[in-house]
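Comments concern the structure below.
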Amino acid sequence: MKKLFGIIKRIKPKLLRYFLVTIGLSFLVLFVFIASIYLGAWGKLPSSEELASFKYQEASEVFSADSVLIGKYYLNDRQPIPFDAIPDKVLHALIAIEDERFYDHSGIDYKSLFRVGLKTILMGDTSSGGGSTITQQLAKNLYPRKERNETNIVVDKFKEMLIAKRLETIFSKEEILAHYLNTVSFGDNTFGIESAALKFFNTRTKNLSYPQAATLVGMLKATYGYNPRIFPDKSLTRRNVVLAAMHRNGFIDKNELKASMDTKLALDYREFDYNAGLAPYFREEVRKQLIKWTEQENEKGGNLNLYTSGLKIYTTLNYKMQKLAEEVMARHMTQLQESFEKSYGKNAPWLKDKILMNKIVKRSSIFRKLKNQGFKESEIIDSLKNNTRKITFSSWQGDFEKDASTWDSIQYYSKILNTGTMSMDAHTGAVFTWIGGVDFKRFKYDHISQSKRQVGSTFKPIVYTAALEKGIAPCTYFSAQEIAYKNLEGWSPSNSGEKNETYLKYSMEQGLSNSVNTIAVKVLEKTGIGHVLEQAKKMGIKEKLPKLPSLALGTGEIRMTEMAKAYTSYLNEGKTIEPFIIKRITNQNDSILASFESKMNEKSAFSKENGAIMIEMMKATIDSGTASRIRDTYNLKNDIAGKTGTTQNNKDAWFVALTPKLIHLTWVGLDNHEIGFKNTSLGQGANAALPLFALWYQELNKDKTFTEITQAKFPQPSASVLTALDCEPIKRDGFFKRLFKNPNKKKEKKFKN
């Protein structure tokens, strides 16, 4: 050291000596500063072992049965892909615009750093860039900067250089490129080239064109400023800069450059939004089941996280069927909502019934929240009614904004009709379509898996099945006359038909196909409530049902999935099968972690012959009964059996369709049980619910993809089944009996059971 100072003292002139001292001290300070960073004084640097073993937070993907990506579960939207899945056009675009000497440096491009330093420090050119290599940018992706003050930025810059040097010793150039493209942000919580390709162009990285690849790589300079959805003109200009850089570096020729630059910016933007996209209710039900599954696996020693482990979930959903079902739902519910509101006019209960609206408001989450905070009910109501602001309302005609209060919002949505509709393979249990409501963003409640509603006349087939199993012949006749049951406080179920039904007697087939309430109650009485409850249990109904005669009219509240299971028995010779929605789960490498299927119940709930009789009865419902508009209005010629259902005061509309290959169930009503349809003609199952099946099946008929389903035929009924049903559907009382019977007077008797 003394020798060094001696040399410096001998240097003349004095100014040069001071300059060299300053340079030397600067290098010494810089050396000490870098050493302090290396030794961890500014925060520990990741070791080589840590860098070699880092793992991505990877989104889990959900696929339909026909391998269409329908959704994701993630904290960060990222799907890492291997290097060989990244096309050269993406790699060339990245290298050309971000790091031309990528293959020549070992993590730090000193030539670029010198250029940037010279321009920035001496010439004040802040647009000269940061001189970071792709490897340094990867370091920044893996260990994002936390603070933005000048000191920390300098420290972070040197940290990134040191990490970059280590990365270059651990990974090959190809691995660094892959890691970078899998970790880099494209804005909007989208990470990695694969997620960006899916979001902006609805395609996989391997299928990107030159213009598309250049557009995405161009975004990396400023993910917001060059976002092609927000700033298409800026993005187009930036894309062309990238293409020009690719040509300058010899990656594309003049012809490809011109063709790419002449290509218009064409996005196919697809955001994987939890609230939007295809089948949001289905995806939410899948998520719930996966959470339970991952918890069970982790209890066994696994380490799975639905949002970060990159699982691939293959479901039973048929993409095309679901898309058609959602389109049909929007079409039908738009018209039905309009008719519903028009039927009430200015006297609608949500407008006139103050007591009802108070009940609905008090059930709202905002009211309960304020109540829990200690506010008085009167204060809450006053606040909800009188504090107005700009509120966006949803409608089938589109969203609209207006000045309104929270009370106005609750009142508006209280009148919205909702639905639950699903279809499934009757023989495997695989669910094809699942619509849990009209708008997942506004109504999270799923009317398939969560809702329990009165099922109305869709329960009657279970009553009739129990009767057959008890030995009551299909050609047994029951009077349609209304009866007041003295031991049931005068309870008197009635029919929607004319009074002349008093003189009629119906066979069981005619009673079921025309959904005659008085007949159903009498069939229940003859069969016994206990036998009917036992029959429902055998067919998979787990809900506790009322031990009352009204059971025959479907006053029991049952989940749609349970009703679906019960109806599968009619297509499987009495054996039921559970609906299921997940086929298999794999990891990132497509190794199967779990497979699922639904097993058919080994025991039959009823005899094969009685099941065939019930199918024939439900065919009659379609051909000439309450669901005859399937034939008349919708002109469906397919083999179809089914049952309509309408509950008291038109609160719930139901329709169940059975075809040889599938079962379809639909419910329509309001979330507020107090409000029903104005009249039966509008709110009956045949009008409110049936069209959701009929319109959907019309679309299936048009598509040859579904021919195997739509053209399937029911087995021909045996001679014994045809004989059992061979009787007049209706008998009429004789002249003298009619003469002395008063159609306006109810018969009184005790209900026997």
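Dipole of segment 448-605 computed with +1 at Lys/Arg Cβ and -1 at Asp/Glu Cβ about the Cα centre; of Gln454, Leu524, Phe596, farthest Cα towards the positive end is Phe596. Each 10 Å bin from 0 upward holds the following percent of the Cα-Cα pairs of segment 561-667: 13, 36, 28, 15, 7, 1.
Extension gain, Glu256-Tyr224: 0.36 nm per intervening residue step, less the Cα-Cα distance, totals 8.8 nm. Near the amide H of Lys583, within less than 5 Å, lie the amide hydrogens of Tyr314, Thr315, Thr316, all on another chain or at least 5 residues away, with H placed in the peptide plane. Modelled label positions at Lys234 and Asn753, each set 7 Å beyond Cα in the direction of Cβ, lie 7.1 nm from each other. Comparing the chain with the 2.2 N^0.38 Å rule of thumb, its C-alpha radius of gyration ratio is 1.31 (two decimals).
Listed by chain and number, the lysines whose C-alpha is less than 17 Å from the C-alpha of Lys746, apart from same-chain residues fewer than 8 away, are Lys486, Lys499, Lys505, Lys522, Lys737. Note on the chain: dipole from Cβ charges, positive end direction compared against Thr555, Ser423, Gly374; the farthest Cα belongs to Gly374. The C-alpha atoms of the chain define a longest principal axis, and helix 150-170 lies at about 80 degrees to it.
Scoring 175-182, 282-289 by mean Cβ neighbours within 10 Å over their residues and listing the highest first yields 175-182, 282-289.
How far is helix 173-183 tilted, in degrees, relative to the longest principal axis of the Cα atoms in the chain, given as a value from 0 to 90 rounded to the nearest 10? Value to nearest ten degrees: 50. Considering only Ile391, Gly107, Ala96, the residue lying farthest towards the positive end of the dipole of the chain is Ile391, judged by Cα position with unit charges set on Cβ. Estimated from helical segments only, the mean residue ellipticity of the chain at 222 nm is -13000 deg cm²/dmol, where each DSSP H run of four or more residues counts as -39500 (n - 2.57). Beta bridges per DSSP, both residues in the chain: antiparallel share near 85 percent. For the chain, the dipole from Cβ point charges (+1 on Lys and Arg, -1 on Asp and Glu) about the Cα centre works out to 1800 debye, to the nearest 20.
Fully extending the segment from Asp104 to Gln450, taken as 0.36 nm per residue of separation minus the present Cα-Cα distance, adds 118.5 nm. For Thr428 and Arg363, the difference between the fully extended length at 0.36 nm per residue and the C-alpha to C-alpha distance is 19.4 nm. The angle separating the long axis of helix 529-538 from the principal Cα axis of greatest extent in the chain is about 30 degrees. Computed over the Cα atoms of segment 241-347, pair by distinct pair, the Kirkwood hydrodynamic radius stands at 19.7 angstrom. Please sort by residue number the trypsin sites (Lys or Arg not before Pro) in segment 191-273 whose DSSP state is loop and whose Cβ has at most 16 other Cβ atoms within 10 Å. Within segment 191-273, the qualifying trypsin sites (Lys or Arg not before Pro) (loop, at most 16 other Cβ atoms within 10 Å) are Arg204, Lys221, Arg229, Lys264, Arg270. Spin-label model, Ser496/Asp66: points 7 Å from Cα along the beta carbon direction are separated by 3.5 nm.
Each value in this text was obtained by applying a stated rule to the coordinates, not by laboratory testing. None of these values were measured; they are calculated from a predicted model. Positions of Cβ are generated from backbone atoms using ideal geometry, with glycine treated the same way; all protein chains shown enter the neighbour counts.
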